Amino acid sequence: MDVLISPSILSADFANLERDLGRVATADMVHVDVMDQHFVPNLTLGLPVVERLVQVSPVPVDTHLMIEDPDRWAPGFAEAGAASVTFHAEAARAPVRLARELRRLGARAGLALRPATPVEPFVDLLPEVDMVLVMTVEPGFGGQSFLDVTLPKIRRARRAVEEAGLDVWVEVDGGISTETVERAAEAGANVFVAGSAVYGADDAAVAIDDLRRLAAAAHRHA
């Protein structure tokens, strides 16, 4: 199981996004949070900015849509060139149709779950997606503390993927740092979104390497 690190630009300098994308060139992806101030109580950036970020990013763009009506808006992010487009299960009206459309447009389709949303109702959808994002904080703001209560859900998501014999990534987002990444990895996550742990470090490349090393070691010991 490959370990993938996806730094979140929510913790970057929004006045110097192209520069800060360069700081994480050794990452596997870069995580871009799109918030609409309706699905979550925060407003970040939209499709025109993401389209430009795709053009200048040294690594693939991993978009996380914390928005209402993703059925309408999510395909545009795939058309803009995002490598991965994740929508929330709580917001999508027709998640299977949306996931298939994202895949048709060439993006990996991701299904995100808030901390209190169980994974079980969505197990039958796993063949339709490429990634399950288990939120390890309440979505909306960066800098929150990791919620250990989500660890059993990460385990259940990984178990469901393995029992189905699928190649579906399990991503975690929220409070990921050198203090928490091992717990998330031991539970079964293999994609790790980290904001302040990377962008708050003196050397982002070293921080990325540290997270990758710790997660890989936790996988070996799990």
Long-range tail of P(r) for segment 81-211 (Cα pairs > 21 Å, %): 40
Segment 148-220: GluC sites (Glu not before Pro) in DSSP loop, at most 15 other beta carbons within 10 Å: GLU179
Segment 4-221 - percent relative contact order, Cα under 8 Å, separation 6 or more: 19
Proxy reagent accessibility, fewest Cβ within 10 Å first, across VAL54, VAL30: VAL54, VAL30
Projected label distance in nm at THR26 and ASP69, using a 7 Å step from Cα toward the beta-carbon: 4.4
Sites matching chymotrypsin sites (Phe, Trp or Tyr not before Pro) across segment 119-191 that sit in DSSP coil, with at most 16 neighbouring C-beta atoms within 10 Å: PHE141
Identified option (computed Cα extents along the principal axes in Å; candidates (i) 42, 36, 31; (ii) 70, 43, 29; (iii) 43, 43, 29): (iii)
Beta bridges by DSSP in the chain, antiparallel share as percent, to the nearest 5: 5
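Read-outs throughout are calculated quantities, based only on the coordinates presented, and are distinct from any laboratory measurement. Since we're looking at a predicted model, the values are computed, not measured. All Cβ positions, even for glycine, are placed from backbone atoms using ideal geometry, and neighbour counts span all protein chains on display.
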